[in-house]
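Undergrad: Encoded as structure tokens, here's the structure I'll be asking about.
The values are calculated or read from the model by the stated rules, or taken from the named source; none is laboratory data. Remember, predicted model here, so these are calculated numbers, not experimental data. Keep in mind that these areas ignore ligands, DNA and RNA; they rest on the heavy atoms of the full protein, side chains included. Shrake-Rupley method; radii C 1.70, N 1.55, O 1.52, S 1.80 Å.
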Amino acid sequence: MSEQQPVYSPPAYTPPPRPHSAFAGLPGTVLTAGILWGVAGLLALIGPIASVVKANNESRLAAQAYMQADPITGQLYGNMDRVVGQMQAPWFGAVIFAGLIGLIGYVLVTIFVLRGSNVARLIATILSGMSIFLLLAMLILGVLPLLQILLTAAGAVLIWLPAPNAFFAAKRAAKPRPVYYQQPVPAQYPAPPASQGQ
């Protein structure tokens, strides 16, 4: 008689625990709004730089056209173009600095919105409205401001849909509230005296 060997069965696979994610419970619309604002922030950096480069190239092309049409006027225009080019250098630095400030602003507001801050959501909505009006004035510069307007507006709309409203309400309810001193309430006040005239 031979003994049967027990059949080996490997233990069931259990996936390792996932580390706590900052995006846990985050609705897809809020994440999408964050991505749209991130892209709009990049456009806030790229757009002004592209417009300065475009203006500089147009100025050089105009100087070349004048040189070919009339050498004397073209020489004068070419010299003036060099002077204007030297004057544009500090402005180019200022434009890059302003673009970086815009990018940092978009990123900071987006981070706090993704963390569930209702105040950041209000600030993002207000800044989105302000940037849309500013960008409408810049539409003459090309397609980038229009794309930035669309991304910013879409992000502002997405964070006020029902799913994000529930997410922000849950985040607000989960925050610990500060405990303030409350004056103790006596168990029972004495009854008022009965009126004597009745």
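Undergrad: Got a number for carbon plus sulfur as a percent of region 108-177's accessible area, 1.4 Å probe?
TA: Working: 3350 of 4150 Å².
Using a 1.4 Å probe with all protein chains present, region 108-177 comes out at 81 percent carbon and sulfur.
Undergrad: Sort region 97-145 into rounded, prolate or oblate with this rule: let a ≥ b ≥ c be the square roots of the eigenvalues of the Cα gyration tensor; rounded if a/c is under 1.5, and if a/c is not under 1.5, prolate when a/b is larger than b/c, oblate otherwise. Walk me through the intermediate numbers first.
TA: Values: a/c = 3.06, a/b = 1.82, b/c = 1.69.
Prolate.
Undergrad: Next up: Rg and Dmax of region 123-178, Cα atoms, in Å?
TA: Gyration radius and largest Cα-Cα distance of region 123-178: 15.4, 51 Å.
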